[in-house]
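The values are calculated or read from the model by the stated rules, or taken from the named source; none is laboratory data. None of these values were measured; they are calculated from a predicted model. Positions of Cβ are generated from backbone atoms using ideal geometry, with glycine treated the same way; all protein chains shown enter the neighbour counts. The protein model used for the area step is the full one, side chains on, heavy atoms only, and it has no ligands, DNA or RNA in it. Shrake-Rupley method; radii C 1.70, N 1.55, O 1.52, S 1.80 Å.
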Amino acid sequence: MTTAAAYSVSAPDGRFTKTTIERRELGPHDVLIDIKYAGICHSDIHTARNEWRGTKYPCVPGHEIAGLVAAVGSQVTKYQVGDRVGVGCMVDSCGECEPCVFGDQQYCERGATMTYNTTVAEELQPGGHTLGGYSTRIVVTEGFVVGIPEGIGLDEAAPLLCAGVTLFSPLRHWNAGPGKRVAIIGMGGLGHVGVKIAAAMGAEVTVLSHSLSKQDDGKRFGAHHYYATDDRQIFRDLRGRFDLIINTVSADLPIDTYLRLLKLDGTLVMLGLPENPLVVRPFSLTAARRSVAGSNIGGIPQTQEMLDFCAEHGIGAEIEVISADRIDDAYERVIASDVRYRFVIDAATM
């Protein structure tokens, strides 16, 4: 087995501590990655603190992984030692169902194997459940490794493995581009990447945020317009304006009110996961053939497409790099919205 230094948590109210974990032996189709950076996603916090239930301890979160190939299995063809690579939210899937065949592994009908907290056989991960990127090394099957192009720093690329593809996927699916008006609700860790990508696609981009505190950043990232939603007048002024609205906020919002901002055939896409059900009046949908939809990360081909697109357009996440001993503090700051815009752990500090 390969050993790796890692930071794990052993209880919902526990603190992260340094430990040593085991990774499986390198199989013929496997890639061993020396992790250089691991992003902190809010999903990590929900899982570490068992807020979504079902957390398996000890828990090593992290599904925004960037590093260098350290070794490859005998049948690996896509990568070689020294390549810049990344691993996102998934490390395997059935490979046989229709979504998998078409490269939408995130919708695997048998359930994708997530990068952490998924039950697996002992030979795949000693301990019986996947352990993520808050560590110095990871072994992943070749088909779930993506290449990080030159032109993006590994540190600013790490959050793209989740946040980046989570925004890229709906923007591509609903054809954001020239002539389209796109609104992003919220400009945090997800939203700020969405603004950059939508602007690079050629869309007219509007940010809808609870205040104007990040307006200068939004304009710098490519937003054409920026509105504070605490001003109720904007909901009258912007009625029927947008082709696509992407909600990145997990708080309970008046979604029915936002629907009225869509034009004919417009779509509001939910990425944030609010605690309570959505309240939508049927008339808000039928009045202009509007839709409410959802989207979940992206498949491996689309993750690679996103990275190539970001490299071509000079897009990276806005980050604050921290040492591993500051993970607990970073979690509290994420909850307090005290970060612009993503924390990234320097794996060398493990």
| Taking 0.36 nm per residue of separation and subtracting the Cα-Cα distance, what length does fully extending LYS78 through ASP338 add? | 89.7 nm
| query | Of all trypsin sites (Lys or Arg not before Pro) in the range 289-350, which ones are in loop regions per DSSP and have a Cβ with at most 13 other Cβ atoms within 10 Å? | reply | ARG289
| message | Just the number please: accessible area per residue for the chain, 1.4 Å probe, all protein chains included, in Å². | response | 42 Å²
| note | Log entry: pair-distance distribution for the range 256-350, C-alpha pairs binned every 5 Å from zero, whole % per bin is 3, 10, 12, 11, 14, 17, 15, 9, 5, 3, 1, 0
| message | Excluding same-chain pairs closer than 8 in sequence, count the lysine pairs in the range 164-294 whose Cα atoms lie under 16 Å apart. | response | 4
| said: Charges at C-beta only: +1 for Lys and Arg, -1 for Asp and Glu. How large is the resulting dipole of the chain about its Cα centre, in Debye rounded to 20? | reply: 1120 debye
| request: Filter the GluC sites (Glu not before Pro) in the range 1-81 down to the DSSP loop ones having no more than 13 other Cβ atoms within 10 Å, then list what survives. | output: GLU25, GLU51
| note | Highest mean packing first, using Cβ neighbours within 10 angstrom, the peptides 242-254, 70-82, 310-322 sort as 242-254, 310-322, 70-82
| Loop chymotrypsin sites (Phe, Trp or Tyr not before Pro), the range 87-119, which have at most 15 other Cβ atoms in a 10 Å radius of their Cβ (DSSP) | PHE102
| said: Can you give me the angle between helix 191-200 and the longest principal axis of the chain, using Cα atoms only, in degrees from 0 to 90, rounded to the nearest 10? | reply: 70 degrees
| Alpha carbon centre of the range 103-117 versus the range 292-350: separation in Å? | 20 Å
| field | Counted charge near THR115, where neighbours are those whose Cβ lies closer than 12 Å (Asp, Glu -1; Lys, Arg +1) | value | -3
| query | Using the alpha-carbon centroid of each, what span in Å lies between the range 16-83 and the range 191-260? | reply | 34 Å
| request: Using amide H atoms built 1.01 Å from N in the peptide plane, name the residues 5+ places from ALA71, or on other chains, whose amide H lies under 5 Å from its own. | output: LEU32
| Regarding the range 154-307, what are the three Cα extents along the principal axes, ordered largest first, in Å? | 45, 34, 31
